[in-house]
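Please treat every number below as a calculation from the coordinates, not as lab data. Just so we're clear, the structure is a prediction, and the values are computed from it rather than from any experiment. Note that each Cβ is placed from the backbone with ideal geometry, even for glycine, and that neighbours are counted across all protein chains shown.
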Amino acid sequence: MEETDLTLWGMGTVRNLRVHWMLMEMGLDYTFFPVHPRSGETYTEEFLRINPRHKVPVLRHRDVVVTESAAIIEYVSEAFEPPPGIYVAQTAQERAKLNEWCFFIMTEFDAHTLYVIRRHTTFSSLYGESPTACKAAKEYFMDQLNAIAPRIGDDGFLLGGKFSCADILLTTCIDWAIEYAFELPASVMAYYEKHSSRPAYKNAFNKTFMDPASIPDLMRLPDAAHGLCSTKPAV
Ligand SMILES: N[C@@H](CCC(=O)N[C@@H](CS)C(=O)NCC(=O)O)C(=O)O
């Protein structure tokens, strides 16, 4: 593994999975602090110094701190030498097409539909129940998914015949839709199975969703290098 100065905070959700997955695809070593959302860890004074919006994932590379799962994985793919199978945009035109996919997936799937359902089902004690909003979100998700299904390349990649950030975002949104028992088109399931069978996905999945209780010594330790504190890094 390449020697890096990378630290990742976050586990327990598909947004965190994205970052573990990209780091593993890139073959990068990183320190991992197992901060679980809604565990109270994101509201500590120490964590709020890293991300005042109390969200994970957060990645630090040397002195750069990046939040937002899509921004983080794009940063990682550009900041390090990618292995041959990883797609990185080289021109403004290529970046426009990559961003088109990434912004589309993050807004229409992650934020406007899947998270709306999360708010009004899993977190209904906080945001209230809203069957109408959930039904509309699901219908809109399926409408948009059916619209893009024919645009998945014959080779099973969204861009350039290679694996990209956009594939990580779409696969993890499909993970989320499967959790909600959506019935997805066969072509989308074939795409999902192709990417979720990648070794890096499986390793990242195991790390992201491991039982926090199984992580030894979940204690707070100072991060002397940067004057920040967090949970003890996991193995
Ligand atoms: N758009 C952000 C969303 C980040 C986010 O909402 N993270 C959730 C977990 S998936 C979180 O940290 N919640 C803890 C909290 O709200 O305190 C991303 O994609 O990274």
Q. Just how far, in whole angstrom, is region 65-108 from region 164-180 if you go by their alpha carbon centroids?
A. 15
Q) What list do you get for 112, 20, 61 if you sort them by fewest beta carbons within 10 Å? A) 112, 61, 20
Q) Taking only the alpha-carbon atoms of region 103-176, what semi-axes of the equivalent ellipsoid follow from 5 times the gyration tensor eigenvalues under a square root, in whole Å, largest first? A) 27, 12, 8
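Would you compute, from DSSP H runs of 4+ residues alone, the mean residue ellipticity of the chain at 222 nm, taking -39500 (n - 2.57) per run and dividing by the full residue count, rounded to the nearest 500? Present the calculation step by step, with values, prior to reporting the outcome.
Values: 10 runs with 106 residues, N = 235.
About -13500 deg cm²/dmol.
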Q: Determine the gain in length on full extension of the stretch residue 136-residue 115; use 0.36 nm per residue of separation and subtract their C-alpha separation, reporting nm with one decimal.
A: 6.3 nm
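I'd like the FRET efficiency for residue 64 and residue 107, computed as 1/(1 + (r/R0)^6) with the beta carbon distance as r and R0 of 22 Å, rounded to 0.05.
Details: r = 24 Å, r/R0 = 1.11.
Once rounded, the FRET efficiency stands at 0.35.
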Q) Does region 31-86 come out rounded, prolate or oblate by the C-alpha gyration tensor, with a ≥ b ≥ c the root eigenvalues, rounded set by a/c under 1.5 and, if not, prolate when a/b is larger than b/c and oblate if not? A) prolate
Q. Taking neighbour counts of Cβ atoms within 10 Å as a proxy for exposure, in what order, fewest first, do 178, 50 appear?
A. 178, 50
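Using a ≥ b ≥ c from the Cα gyration tensor of region 149-215 (square roots of the eigenvalues), is it rounded, prolate or oblate, where a/c under 1.5 gives rounded and otherwise the larger of a/b and b/c decides, a/b for prolate?
It comes out oblate by the Cα gyration axes.
Mind sorting 5, 175, 63 by how few other Cβ atoms lie within 10 Å of their own Cβ, fewest first? Working shown, then result.
Details: 5 12, 175 19, 63 7.
Result, fewest neighbours first: 63, 5, 175.
Counting only Cα atoms, I'd like the Rg/Rh figure for region 22-150, Kirkwood definition for Rh.
Rounded to two decimals, Rg/Rh equals 1.02.
Given charges of +1 on the Cβ of Lys and Arg and -1 on the Cβ of Asp and Glu, with all other atoms neutral, how large is the dipole of the chain about its Cα centre, in debye to the nearest 20?
I would put it at about 440 debye.
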Q: Pull up the DSSP beta bridges for the chain and report the antiparallel fraction as a percent, rounded to 5.
A: 70
Q | Residues with amide H under 5 Å from that of residue 6, placed H, sequence gap 5 or more | A | 31
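What fraction of the Cα pairs in the chain, stated in percent, has a spacing above 22 angstrom?
Details: 14824 of 27495 pairs.
So the pairs more than 22 Å apart make up 54 percent of the total in the chain.
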Q) By a straight-distance test (C-alpha under 19 Å), which lysines pair with residue 207 as possible cross-link partners, with residues fewer than eight away in the same chain excluded? A) 55, 232
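Once you have the Cα-Cα distance between residue 187 and residue 203, take 0.36 nm times their residue separation minus that, and quote the gain in nm to one decimal.
3.3 nm
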**Q.** Rounded to whole Hz, the Karplus (6.51, -1.76, 1.60) HN-Hα couplings of region 87-96, x for glycine and proline
**A.** 8, 10, 5, 10, 10, 4, 5, 5, 5, 4
